[in-house]
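The values are calculated or read from the model by the stated rules, or taken from the named source; none is laboratory data. Quantities reported herein were computed from a predicted structural model and do not represent experimental measurements. Positions of Cβ are generated from backbone atoms using ideal geometry, with glycine treated the same way; all protein chains shown enter the neighbour counts.
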């Protein structure tokens, strides 16, 4: 059998015959090909007792072959799910690729004769439009995970910079997936009937600058086409989770999680480190609107549904043991798996019962041939349990896209680290475990705690729209930047080297922006927000922050529009609703403010700040008893919430119930001695006790020296009590505040009547009459729960709520290439 024909056994076909291989090994135990094929078959059908015996035998054969400089019979793909040792994986892959290179050496001249003018680096491939020609080589341009992923890359390539060629050797596809690929690239060529030399010649004749192989050491690969040097730059990507071990690949597109720098010695290729995740995902992938029910899928209506739709060869005994221990701890839970042949089902059911779990708790899902239906049905699961020695790759990304959180263990080689990369880029690194014990504990904890599971699922619901993992355009931009960088190196005559991407650390950048925002340096904060939004226009948190800043700068329409856009992207984020309500309240759009406060309360019914702000609006609408009720509700939620008592006091003050109002104000300052608003309202209630009122106004100014209305009202009381000595020190301050208010168009703290008493200038008195308002002043608590990971940023606009959510994991960094 040819070395590329044997490269992967056909695990897609469950009708396997084991006896000839076992017989062959009994007759000739050193027959490594039979042993390798048998181990693959046993893995795929859960025959774990026999697998242990033959796997050990295959290990000895593989090591012996490598020690003797012989290509092992075990394929680079098969060893990934048997042995997670990156060094051994590399040695096996290198042995296979080396033999491919040697076999192609005798025919390489036929390709070289075609490309004799292109032996040295040059720029002849660049067209007059300076487009780089990118070729993609695969047998999986069909209904296959590679096609499902790569189509997003094809669609978003900038055609003014790149020309996209697809070379397919998988034959015709009965589904519409191949047609989608055809439509999303510029040129599609079927090369399955061509020889390796003919295919290489065709790729060269098309003038391909960079060729990406999307198959690697998987079934039906055509690595010989790459061994012939079909393009000036050749890159391994996506289809094979590890090194090719080949000298004919210059680079591998990867990331720092799946291929840490410590593993550099175990790769033949130079790393191109993509900044987020190596895997591109098509965020236009639809989910069927078919309303699946658990009954439709044969699942329990009430119990927790764990799922794992990974291929059978990835399921090893130790992960199955862990799954059964999890089921044993969660009553009525089930494990939902992909349908296999009935004999495989029987083995797994028997294995469950051996481990003390009813066989009826294993449910097998029939194959869903339409991807949209698969995703819709997948959403019925509560938690996806990843396989360990070989993670789910596209399977993990699909589960997250369907809204199902995935728990994984970070392993030691590419295949066992891929899910960690995907989860990290999705913003769910808390689902990455470092041991199988932690994996089990986390699965049990989430399954047993509905609130914790709901929080994770809500977080995923938000992040699937905003995270790096599912920002296809951003991912394509990073890949294109990589292409431009390696092409520049090539055309300048430089050798391949590691390519890294430095990023704007958005956590740090937004921390800096928030510090500027807090300090009132709005122009600096604005510049950072704009920089982020220029690259990532749908970053909801930044839109929200920038909207608050725009409102502060009196650009109210823009502020409202930005926050509305944040809400459209993430409609279940309560703080966006609450802060939009505050802006609308300040613009006296009370009905709209009430709507958004109520929406915030609906989303987070235990947050007292939203009730407080709703109470302020209801008060302004004259709906006093409703306002009192919501202030009361805020105090019930948090009995130490001083602002709620201040709110109740304001209502009783307006209802001329001064004694009760004073009780609430005193309760407020008892809870928060620095609540200036409560002292201010207390002073206003003391209409006849001027000395106590003066003391309260002084307390306000001790806490908040620039409190304009406290200054104006204190001045009024000092005039009334003939406290002439104190008046002189306040007079200039009153004039300064008035002039500032008139200049900025704000309502003045000074009342028209007091202006007439204090000043004989008719123009000034008219201006105050046009801008003044009543003595009783109600201040909205601005922007509670300022949604940021920046420490104390809420202090820019509020004194409420010290605990802030952290959104660093949804930040989308900008990138630039660094060549090492």
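The residues in the range 608-651 that are touching a helix residue (DSSP H, G or I) at 6+ places or on another chain (Cβ under 7 Å) and over 20 Å from residue 667 (Cβ atoms) can be counted, and the count is 7. Return a yes/no flag: does the range 458-476 have any residue that is surrounded by fewer than 22 Cβ atoms within 10 Å (Cβ to Cβ), over 23 Å from residue 582 (Cα atoms) and touching a strand residue (DSSP E or B) at 6+ places or on another chain (Cβ under 6 Å). Looking for residues that are surrounded by fewer than 22 Cβ atoms within 10 Å (Cβ to Cβ), over 23 Å from residue 582 (Cα atoms) and touching a strand residue (DSSP E or B) at 6+ places or on another chain (Cβ under 6 Å), one finds none in the range 458-476, hence no. Please work out if residue 374 is out of contact with any strand residue (DSSP E or B) (no Cβ under 6 Å at 6 or more places or on another chain), in a loop (DSSP other than H, G, I, E, B) and over 24 Å from residue 79 (Cβ atoms). In short, no. Does residue 299 satisfy the criteria of being buried (at least 17 other Cβ atoms within 10 Å of the Cβ), more than 26 Å from the chain's Cα centre (by Cα) and either outside any loop (DSSP other than H, G, I, E, B) or in contact (Cβ under 8 Å) with a residue 40 or more places away in the chain (or both)? Considered against the rule, which asks whether it is buried (at least 17 other Cβ atoms within 10 Å of the Cβ), more than 26 Å from the chain's Cα centre (by Cα) and either outside any loop (DSSP other than H, G, I, E, B) or in contact (Cβ under 8 Å) with a residue 40 or more places away in the chain (or both), residue 299 comes out as yes.
Could you list, in sequence order, all residues of the range 478-514 that are touching a helix residue (DSSP H, G or I) at 6+ places or on another chain (Cβ under 8 Å) and either more than 25 Å from residue 260 (Cβ to Cβ) or modelled with pLDDT under 90 (or both)? 501, 504, 506, 507, 509, 510, 512, 513, 514 - these are the residues of the range 478-514 that are touching a helix residue (DSSP H, G or I) at 6+ places or on another chain (Cβ under 8 Å) and either more than 25 Å from residue 260 (Cβ to Cβ) or modelled with pLDDT under 90 (or both). The residues of the range 244-263 that are within 27 Å of the chain's Cα centre (by Cα) and either assigned to a loop (DSSP other than H, G, I, E, B) or farther than 21 Å from residue 138 by Cα (or both), listed by number, are 255, 256, 257, 258, 259, 260, 261, 262, 263.
Keeping to the range 735-763, report how many residues are assigned to a helix (DSSP H, G or I) and modelled with pLDDT under 75.
Step one: list which residues in the range 735-763 are assigned to a helix (DSSP H, G or I), which gives 735-744, 752-758, 762-763.
Imposing the further condition that a residue be modelled with pLDDT under 75 reduces the set to 735, 737-744, 752-758, 762-763.
Number satisfying all stated conditions: 18.
The set of residues from the range 334-367 being crowded, with 17+ Cβ neighbours inside 10 Å and in a loop (DSSP other than H, G, I, E, B) comprises 340, 357.
Each row is one residue, and each column tells you yes or no for (1) buried (at least 23 other Cβ atoms within 10 Å of the Cβ); (2) outside the structural domain of residue 446 (by TED's automatic domain parsing).
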position	(1), (2)
235	yes, yes
245	yes, yes
263	no, yes
268	no, yes
284	no, yes
290	no, yes
327	yes, no
332	no, no
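When you scan the range 179-195, do you find a residue that is farther than 30 Å from residue 85 by Cβ, within 31 Å of the chain's Cα centre (by Cα), touching a residue at least 24 places away in the same chain (Cβ under 8 Å) and assigned to a loop (DSSP other than H, G, I, E, B), even just one? Yes, that holds for at least one residue.
Looking only at helices (runs of 4 or more DSSP H) that lie completely in the range 485-578, which have at least 3 residues being within 22 Å of residue 475 (Cβ to Cβ) and in contact (Cβ under 8 Å) with a residue 40 or more places away in the chain?
Output list reads 506-518, 522-535.
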